[in-house]
Amino acid sequence: MISVAIIAKNAEKTIGDTLESLKSFDDVVVYDNGSTDNTKSICESYANVNHVDGEFSGFGPTKNKAASFCKNDWILSLDADEVLTKEFIDELKAVELDESKVYTINRVNYYKDQKIAHCWANDIIVRVYNKNKTAFNDLHVHEKVISDGFKVIDLKSEVNHFPYSTITDFIIKLDRYSTIFAEDNVGRKSSSPLKAILNAKFSFLKTYFIKRGFLDGYAGLVIAFSHMATNFYKYIKLYEANKELKK
């Protein structure tokens, strides 16, 4: 048996589709980090969902906390904007799970309803694991399941990912992620206005030209600019945090 663990905050725009795709799972835990929208009421409308309130302590630790409420040892970790396809569910349920292995999902990324083929390639991410054998690392951003010592098995069927539906979504997430980056690296990593500018410039060039994001049309421009802004604010916030620390 597999439990599904999700962390969420103000996810009313996406979590309904996520939970709808999980009706065939008996145990779904949504660990809610202070939602002020309709996330809780949406969760409570599904009989197989256990809505739990708790604090956000960084993505890695919070995902482990969510898994601790799951009834089963095997965990499928999802974000509140990821939707399983029928093909993925069928493939997962046909797998003979092995404690010496961890399993990846094949995540396809969208902006609104447009599949993004260039800015964001498909993500192959370990998301199925036995919580008694491994867990997410303690990173506050860019967290991942610890897979050292495990055989990694790729599940081929797609999981659809809808991280952004408006420009505002980009702004909210870039502010959140850049703040966490600065908090995690203050006093440990150097930064400067020049470093912020150069990182931002390279990020745009990489996304829009090297990855051929321009072939994604209007969405490619929005994504490339968002990557640029995220990197600028990551390093400029770190610069300010380091200055404050020295005081």
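The values are calculated or read from the model by the stated rules, or taken from the named source; none is laboratory data. What you see is a predicted model, and the numbers here were worked out from it, not measured in a lab. With ideal geometry, Cβ positions are generated from the backbone for all residues, glycine too; neighbour counts draw on all protein chains shown. We work out accessible area using only protein heavy atoms, side chains counted, and drop any ligands, DNA or RNA first. Shrake-Rupley method; radii C 1.70, N 1.55, O 1.52, S 1.80 Å.
Which of the residue pairs LYS101/LYS144; LYS9/LYS156; LYS23/LYS86 have a Cα-Cα distance greater than 18 Å in the structure shown? Intermediate values should be presented prior to the final figure.
Values: LYS101/LYS144 15 Å; LYS9/LYS156 29 Å; LYS23/LYS86 11 Å.
In this structure, LYS9/LYS156 exceed 18 Å between Cα atoms.
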For segment 183-247 and segment 44-118, what is the separation of their Cα centres, given in Å? 28 Å
Between ALA121, ALA229, ALA66, which gets the highest mean-square fluctuation from a Gaussian network model of the chain, Cα cutoff 10 Å? ALA121
Listed values [x] 60, 39, 39; [y] 53, 52, 34; [z] 52, 44, 41, entry calculated as Cα extents along the principal axes in Å: [z]
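Among rounded, prolate and oblate, which fits segment 137-247 when a ≥ b ≥ c are the square roots of the eigenvalues of its C-alpha gyration tensor, a/c under 1.5 means rounded, and a/b larger than b/c means prolate?
Details: a/c = 2.00, a/b = 1.19, b/c = 1.68.
Cα axes put segment 137-247 in the oblate bin.
I need the shape label for segment 1-73. Rule: rounded when a/c is under 1.5, else prolate if a/b > b/c, else oblate, with a, b, c from the alpha carbon gyration tensor.
On the way: a/c = 1.89, a/b = 1.03, b/c = 1.84.
In terms of gyration-tensor shape, oblate.
As a check on your grasp of the helix formula, calculate [θ] at 222 nm for the chain: sum -39500 (n - 2.57) over DSSP H runs of n ≥ 4, divide by the residue count, round to the nearest 500.
Numbers: 7 runs with 92 residues, N = 247.
After summing the helix terms and dividing by residue count, I get -12000 deg cm²/dmol.
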First compute the accessible area of the chain with a 1.4 Å probe, then give the percent of it belonging to carbon and sulfur atoms. 53 percent
Taking 7 Å along the Cα-to-C-beta vector as the label spot, tell me the ALA47-SER165 distance in nanometres, rounded to one decimal. 2.7 nm
So, for the chain, what is the accessible surface per residue at a probe of 1.4 Å, expressed in square angstrom? 52 Å²
Gaussian network model of the chain, Cα springs within a sub-10 Å range: biggest mean-square fluctuation belongs to which of TYR218, TYR110, TYR177? TYR218
